[in-house]
Every structure is written in structure tokens, then in C-alpha cells.
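This report concerns only the one structure given below.
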Amino acid sequence: MRLGRQQLLKWSLIFAGWTLVAFFYASQTLIANGYRANPLVWWRVLTWDLVIYYLWFLLTPVVLWLNRRFPFERGHIIKSLSFHLVAGTVLSLFYLLFLTLIDPILPLFGDKPDLVPRTSFFEKFQFFVVAYLHVCLISYWGILLVNYLVSIYLAFQERSLRASQLEASLAVARLESLKSQLHPHFLFNTLNAIVVLVRKNRNKEAEDMLTGLSELLRHSLENIGVQEVSLRHEIEFLKTYLEIEQVRFQDRLKVQLNIEPETLKAVVPNLILQPLVENAIRHGFSKREKAGLVAITTSRENGTLQIRVRDDGAGLPKNWRLEENKTGIGIANTRARLRQLYGDAQTFDIRSTEDGGTVVILKIPFQTQNGKAEKRENG
């Protein structure tokens with residue numbers, strides 16, 4: 001029902017627009033002919049222009065459909081321009097042919113001024129082509145122009161809304177990261193490990209651990225409002241987080257970083273890896289005694305950045321499906337941010353591995369900071 005009201009409003013505005021165009025051209029005609037010996041009757045002129053432009057109102061859906069089939073997009077400008085030059089001319093000729101056919105019944109609206117020659121059908125059609133073809137072409141391209149401007153406005157509105165949603169989503173991610181870092185158990189275990197190191201006179205390790213904890217908190221606070229960072233920056237933050245976790249779990253936590261050097265320059269959502277790694281540690285092996293592995297792998301495949309976070313823990317329940325099961329706030333927030341940033345150009349999946357563990361796989365467009373800057377300048 002809501003969609004129906006929106007469509008009704010849209011076409012009501014289009015109808016009102018064509019009515020204004022008819023009144024405009026009628027007023028121009030009446031002003032220009034106001035100095036004639038036998039001035040034109042205003043309502044007859046208005047009737048004629050209303051017929052002309054209400055016919056274009058009926059053709060507007062056709063023009064919009066053609067525009068959807070051949071939009072003016074980067075890489076297709078010449079093709080679309082050529083098509084619309086031909087389509088606009090052909091549609092205008094058919095329009096004028098139809099106008100020639102209905103011309104004999106137009107006097108039913110009143111004694112129309114003798115503006116159209118009362119000759120053969122071909123001569124009348126020729127008159128309409130000479131007198132009105134340029135008006136038809138202006139109408140056709142006017143529809144394309146207005147539709148393009150409206151599309152730009154709607155896209156701007158959507159980007160503004162998406163930007164505000166991203167800001168809110170980033171704030172949630174930052175708060176969740178801080179919450180996990182300041183979680184009582186996490187903080188207690190970290191401080192307890194530092195105390196043990198001090199008692200054993202391993203002051204350098206204790207100092208390093210305190211430095212890592214402060215760096216972790218500083219990073220979270222300094223990057224408020226930053227939506228995307230380089231993968232290199234994200235990996236450095238993750239290393240600091242893992243150093244603290246390794247002190248907590250000692251030899252029970254094994255970490256593998258398989259990072260392709262080329263991928264380090266790619267941009268990724270800020271704080272995208274830490275919740276995934278934390279989830280792997282918490283659900284993978286934090287409650288078991290034997291050692292566990294967390295492996296982070298990145299690769300570039302056909303313009304796509306692929307990131308895999310794998311653990312060798314207990315794995316997922318049988319028949320578990322991402323879309324059918326509730327996930328934690330960290331996973332849900334990660335999926336929402338990916339959708340807002342990349343739309344359908346991203347994928348996110350969680351599945352069990354062959355050895356019984358779990359792997360998170362996310363794919364996003366491979367973009368660099370310079371590439372995004374160039375895109376913004378050209379866009």
C-alpha cells in the first residue's frame with residue numbers, strides 16, 4: 001500500500017509538471033500573438049498545448065523504460081547517447097504521426113485557429129515535423145534530464161543516510177571493542193598476568209604488556225569516526241590485541257598470520273578483524289585445556305579482497321546456517337557494516353572446516369586509499 005501511494009505521488013507530480021509546461025508554452029504563444037489583428041482565443045491555445053503535452057505525459061513511462069535499458073553510466077556513455085539520439089527521433093516521429101491522425105477531431109474542443117494546413121495527410125504530417133520535431137526532441141531529452149537529476153538527488157539522499165548509519169554502526173563497533181577489552185574477566189586476567197610477571201622480575205615483559213594494553217585502548221579512542229583503514233593498520237592493531245591474549249592463554253593460543261603483502265594496502269572497515277578473532281578465541285577453545293590455533297589469511301582474487309579467520313576449535317553445531325541462527329552482537333554488527341559499505345559487492349559466511357573447526361570468510365572489493373580518493377575526485 002505504501003508503494004502504491006509513492007507511485008501515485010510520483011505520477012501526480014509528473015502530470016502536474018507536464019501541465020505547467022503546457023501552460024508555459026500557451027502563455028508564450030498568447031503573448032507573442034497579442035499584437036495580431038485577430039488575436040488567438042486563449043482557451044483554444046491552452047487546449048491545443050494541453051493535448052500536445054498530455055500526450056508526452058503518456059509517453060513518459062516509455063522514455064523512462066528506455067532510460068533504464070540504456071542508462072548513462074560510465075563506460076556506456078557513447079552507446080547510450082547513440083541509442084537515445086535514434087530512439088528520441090523515432091519516438092518523436094511516431095508521436096507526430098499520431099498527432100496528425102487525431103488533428104481532425106481536435107476541433108471538437110472548439111473552433112481551433114487555422115494553424116494547420118487543411119491539405120493532404122502527408123503535407124499535414126510534413127507540417128507537424130517541421131513545426132514540432134524540435135519540441136518533441138526537447139521533450140524527450142527533458143524527460144531524460146529530469147530523471148537524471150532526480151536520480152542524483154535520490155542517490156545523494158541515500159549516501160547521506162548510509163553515512164549516518166555507518167557512523168552509528170562504527171560507534172557500536174568501537175563500544176563493543178572497548179567493552180570486550182574492559183570486560184572484568186579480560187581486565188582481571190590481564191592485570192593478574194602483569195602481577196605474575198612483576199613477581200618473577202620479568203619487568204620488561206610486564207612493561208610490554210602494559211604498553212600493549214594502553215596502545216589497544218588508545219587506538220580505539222583515536223579512531224573514533226574513521227570508517228575505513230588500511231589492512232596494514234588493522235593487522236598492527238590485531239597483533240597488539242593478540243599479544244595480550246597470548247599472555248592470558250600462554251602456550252594454549254597459537255596464531256598464524258598468512259598475509260599476502262599486496263593486500264596490506266587494501267582498505268577495510270575499521271575494527272573489522274578484532275571481533276572475528278575474539279569470537280574465534282572465545283568459542284573456539286577458551287574453555288578447553290589443550291592448545292588452539294587461530295589463523296588469519298588474506299588474499300587478492302580478481303579484484304576482491306578475501307579474509308579468512310579460522311580456528312581449530314569445537315566447530316559449529318550440525319546443520320547450522322548463518323541466516324537461520326542468531327549471532328552475537330559482534331558478528332551481527334560486522335555483517336551490517338559490510339552491507340552498508342559495499343552492498344551486494346560483499347559476502348560474509350561462517351562454516352565448519354574439514355578438521356572440525358570454524359572459519360569466517362569475508363570478501364569485499366579490493367580498493368586502496370589512493371584508488372578511493374581518485375574515485376571520489378572523479379565521481
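The values are calculated or read from the model by the stated rules, or taken from the named source; none is laboratory data. Model, not experiment: these values are computed from the prediction. FYI the Cβ positions are ideal-geometry reconstructions off the backbone, even for glycines, and counts take in every protein chain you see. These area figures cover heavy atoms from the full protein model, side chains too; ligands, DNA and RNA do not enter into them. Shrake-Rupley method; radii C 1.70, N 1.55, O 1.52, S 1.80 Å.
Here the calculated FRET efficiency for ASN370 and PHE98, from their Cβ-Cβ distance with R0 = 45 Å, stands at 0.25, rounded to the nearest 0.05. Once the Cα-Cα distance is subtracted from the 0.36 nm per residue extended length, the GLN246 to ARG159 segment shows a gain of 27.2 nm.
Taking all protein chains together and a 1.4 Å probe, the residues HIS283, HIS76 rank HIS283, HIS76 from largest to smallest accessible area. Computed from the Cβ-Cβ distance with R0 of 51 Å, the FRET efficiency linking THR19 to ARG282 stands at 0.20. Scoring 333-339, 276-282, 147-153 by mean Cβ neighbours within 10 Å over their residues and listing the highest first yields 276-282, 333-339, 147-153.
The length gained on full extension between ILE78 and VAL150, counted as 0.36 nm times the residue separation minus their Cα-Cα distance, comes to 23.7 nm. Remark: the GLU222-GLN28 segment gains 63.6 nm on full extension, using 0.36 nm per residue and subtracting the alpha carbon distance.
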